[in-house]
Structure formats: C-alpha cells, structure tokens
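Below is one structure, written out as structure tokens; comments come after it.
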Amino acid sequence: MPALAVADALRASGADVSFLGTPEGPEGRLVPAAGYPIDYVRARGIERRSPLKALRAGALAASATVTARSAIRERHADALLGAGGYVAGPAGLAALSLRVPLVLEESDRHLGLANRLLARWARRVCLAFPIAGREGDRYLVTGRPVPATILAADRPSARERFGIAQDERCLLVFGGSQGARSINECALDAFVGDGPAARDRGYHILHIAGRRDYPQVRERIDAAGGAEAYTLLEYERDLSDPLAASDLVLARAGGSVFELAAAGRAAILVPYPYATARHQHANAAWMAEAGAAEVIDDSDLEPRELALRVKTLLSDPERLEAMAAASRSLARPDAAERIAAEIRAAARSFDR
C-alpha cells in the first residue's frame, strides 16, 4: 500500500509506473486493481531456521534477479523503488547491476532484510520513523506514505455507504487484509449475542473481519440472529471510507497507524504480540504518548473491559476530539509526494 501511494503521486506528475511482484502476494491483487502493469517474478522469504528452505529461497532469489533485470530493461526504467518484501532484494540487485538509481522505502521501525542489504548502495533511504544508526544524507525521515483518498474522504458519503446515521457514533474494527483473530473474537464476544454491549449500546459497529476470518464471523452473527447497529465487511482495499465514517478505531498497530493519523482518528490499539522486534508495541506507544490512543495488550483483551473502554471514550466528546487532534498532529500527509520527489531526482540523474 505505501508503494501504491507513491505510484499514484508519480503518475499524477506524468511518470510511467510499473511494478515487480509475485502473483501470490497481495500485489498480485492490489496492483492490477489500481490500474498499474506488473511483471511477475518467483520469490519467497528466507526461513533462517531451515537451511534447506533457505537454500531454495536463495536459488529463487538468483532466478528472480535475472527476471527482474529483464523487466527493468524492457520497461526502460530510469529509477527503482524498493519497498521491502521478498521481491525487493532481487529487484534492487537487478537495478544496481544495470546502474539504475535505487531508492528504498522502509515502513517499520527497523530496516527489513532487503533494505539492510541494499541501503549502502541506495541513492536515498526513506524512513517512516527515525532509526538509530541510520542518519546522514542517505537517510530521510518522510513518514509512511498513505493513499491520497484518506485525506479526501467524505464523511457523509461514507456513512451513507455503510448505513450509519449521520448523528450516530461509530467504532471501526479492523485487523489487516487477513484479519486479527483475537480482535475479531473479542469484538464478537463484546458486541454480538449475549455480549455486554450487544444491545442498546448507543453506537454503531463497522467491522472489517478480513478474508481469513470473515466466514466464521459471519456465521456467528447469523447464529445470534443478527447484530444490532452492526455492519460487517470482509475486506476493504482502501480504508478511506471506513475511517471517514468512524469516530474511534479498534485495530492492530502496524503501518496503518499512519492512516489513522492522516484521518485524525482516536484509537484503541492491540499490538500484534509476535511482530518483529516488537515494532507494533513501539508504534502503539508512539500514538499513546501523543495522546492519540489507548493500548491493550493482546493477552489482556477481554470483552467486558473492551466494551467499557469503548463506551467511556465514545461518551466523552471532549476527550475523543482531543485524541483525534493528537492523532492528526502525528500525520505525515506529504510522505508519498516526498518519496516521489526523491525518485524523480534519482531518475534525472540516470545517464542511460
């Protein structure tokens, strides 16, 4: 999604943009849907605990580098953006072998493997957050790019789309494209059936369950005879309408915290406990310390406590607005354009 936001900024300035990716990854769905061409390569993550699987991944990476090199030549690319993931390593190596300028984008609080390996040869490394030891002219803190639609979303239209009354408070629940099982289950236990806030709660629930969990969530709601003031969705590629329609968000604390900030939304964050280097805990603390969020550990997620926290926040307009203002203060709405500007500068330096 950050790469697509940068692509949109580049396309708006007249650039031709294409992608490299795998058909199995989310880019296999999202990139064609956004109207961009994509060249596919075969790549997979390196499993460090299995030498045999790591060897196979290395062989695939070597093959992917050759395929990426051909695609870069055929597209007459003047620059390449590496945005992390399995393909970024081979694609970056292919660009460097052709002397095509390389710009990197890092959305987390630490450099991923591909970005660590490529950083010393990149023209610029654009960081979502400052990273200790990654200072100097090569590194630029831009924030994480978010879709322009987040900033342009219309609240009345979004509420009409989801069947939410204009004067009704709304809690948005989401957990990524696949969903977050503990959040999904706790939301159902709190707001559906015999849950403590299932009836007469005084606010609407907009719940994006994710592709993996949606069938089970749908089944539970149907088995309970439906749910009062409850809109269930399977997946939303773009969070602009759900965020615009909501007043408070219950979610993980991954890269989407930048979308919450861009939309100016107060949040209850439940960091994923197994995220690399506990970066979701750091993201959640970043928002909480600014006054934009409350944080619940995944192990402490409990229906009654959740229902109480949501009710307390949604019934306190002054605090909710203060949290929303704090969230907006963290936003980096120009991140995509700043990274696009670095790519355009890199492309101008390329002597074909």
field: Given charges at Cβ of Lys, Arg, Asp, Glu: region 282-352 dipole, positive-most of ILE339, ALA290, LEU306
entry: ILE339
field: Nonlocal amide H pairs with ALA180, under 5 Å, H built at 1.01 Å
entry: GLY175
message: For the chain, what does the accessible surface come to per residue with a 1.4 Å probe? Please give it in Å².
response: 47 Å²
- line: Taking only Cα atoms of the chain, the Rg to Rh ratio with Kirkwood Rh works out at 0.99
- request: Working from Cα positions, state the angle (0 to 90°, nearest 10) between the long axis of helix 303-314 and the longest principal axis of the chain.
  value: 90 degrees
222 nm mean residue ellipticity, helices alone, for the chain (DSSP H n ≥ 4; -39,500 (n - 2.57); rounded to 500): -13000 deg cm²/dmol
query: For SER157, what accessible area in Å² do you get when you roll a 1.4 Å probe over the heavy atoms of the protein chains, rounding to the nearest 10?
result: 70 Å²
- prompt: Taking the Cα atoms only, what angle lies between the long axis of helix 181-191 and the longest principal axis of the chain, rounded to 10 degrees?
  reply: 20 degrees
- prompt: Which chymotrypsin sites (Phe, Trp or Tyr not before Pro) in region 231-314 pass both tests, a DSSP loop state and at most 13 other beta-carbon atoms within 10 Å?
  reply: TYR274
task: Please report, as a whole percent, how much of the solvent-accessible surface of the chain comes from carbon and sulfur atoms (probe radius 1.4 Å).
output: 49 percent
- prompt: Taking square-rooted eigenvalues a ≥ b ≥ c of the alpha carbon gyration tensor, is region 253-352 rounded, prolate or oblate, where a/c under 1.5 means rounded and, failing that, a/b exceeding b/c means prolate?
  reply: oblate
Tail weight of P(r) past 18 Å, computed on alpha-carbon pairs of region 198-308, percent: 56 percent
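The values are calculated or read from the model by the stated rules, or taken from the named source; none is laboratory data. On a predicted model such as this, the values are computed, not experimentally measured, just so you know. Positions of Cβ are backbone-derived with ideal geometry, glycine not excepted, and every protein chain shown enters the neighbour counts. All accessible areas refer to the heavy atoms of the entire protein, side chains included, with ligands and DNA or RNA removed. Shrake-Rupley method; radii C 1.70, N 1.55, O 1.52, S 1.80 Å.
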